[in-house]
Amino acid sequence: MMVRPGIEIPDREIVVRTSRSSGPGGQHANVTASRVEAVFDVAASSALSDDQKRRVMARLGPRVTAVAQESRGQARNRELALERLASRLDHALLVPRARRATKPTKSSRERRLQEKRRSSERKRTRRRPSADD
């Protein structure tokens, strides 16, 4: 299963279990195991580096699970479950960009000070007149 370019999880590392799907479906739902659950054990994986394993386990835990039961067919639900598993792993493997500190622009500082002056003036006009006014 391809997670992202450069990272491919072998099918042998993903445990796929089937069971009966919940919800309506009549007689068909009572006899077919169309619900699919795909489970990936992060710690036992040979496809991920130690750093990638730490990142995934910190975000998703030691076992990543994806379930699909929308379709009537087991094959389609298997595809959906594997897609969801790949998507969850892809998001967990994202390395956040480092934030660079920036300074406020000159115009934003001027706007802030102008707003402070306006607010101060507004509050000053609400005051009770002093004795010398």
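The values are calculated or read from the model by the stated rules, or taken from the named source; none is laboratory data. Because the structure is predicted, anything quoted here is derived from the model rather than measured. Note that each Cβ is placed from the backbone with ideal geometry, even for glycine, and that neighbours are counted across all protein chains shown.
Couple of notes before you dig in:
- Top-ranked residue of the stretch 52-80 - restricted to ones that are in a helix (DSSP H, G or I), surrounded by fewer than 16 Cβ atoms within 10 Å (Cβ to Cβ) and not hydrophobic (A, V, I, L, M, F, W, C), ranked as nearest to the chain's Cα centre (by Cα): 59
- Those residues of the stretch 86-133 which are β-branched (Val, Ile, Thr) and under 30 Å from residue 39 (Cβ atoms), in sequence order: 95
- Leading residue by the ranking (farthest from residue 17 (Cα to Cα)) among those in the stretch 81-101 that are crowded, with 16+ Cβ neighbours inside 10 Å and among the hydrophobic types (A, V, I, L, M, F, W, C): 93
- Given (1) at pLDDT 90 or above; (2) over 20 Å from residue 12 (Cα atoms); (3) basic (Lys, Arg), index of the condition residue 88 fails: (2)
So that you can scan it fast, the table gives a plain yes or no per residue for (1) in contact with a helix residue (DSSP H, G or I) (Cβ under 8 Å, 6 or more places away or on another chain); (2) of a type in the set (Asp, Glu); (3) closer than 20 Å to residue 1 by Cα:
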| site | (1), (2), (3) |
| --- | --- |
| 32 | yes, no, no |
| 90 | no, yes, yes |
| 103 | no, no, no |
| 108 | no, no, no |
| 117 | no, no, no |
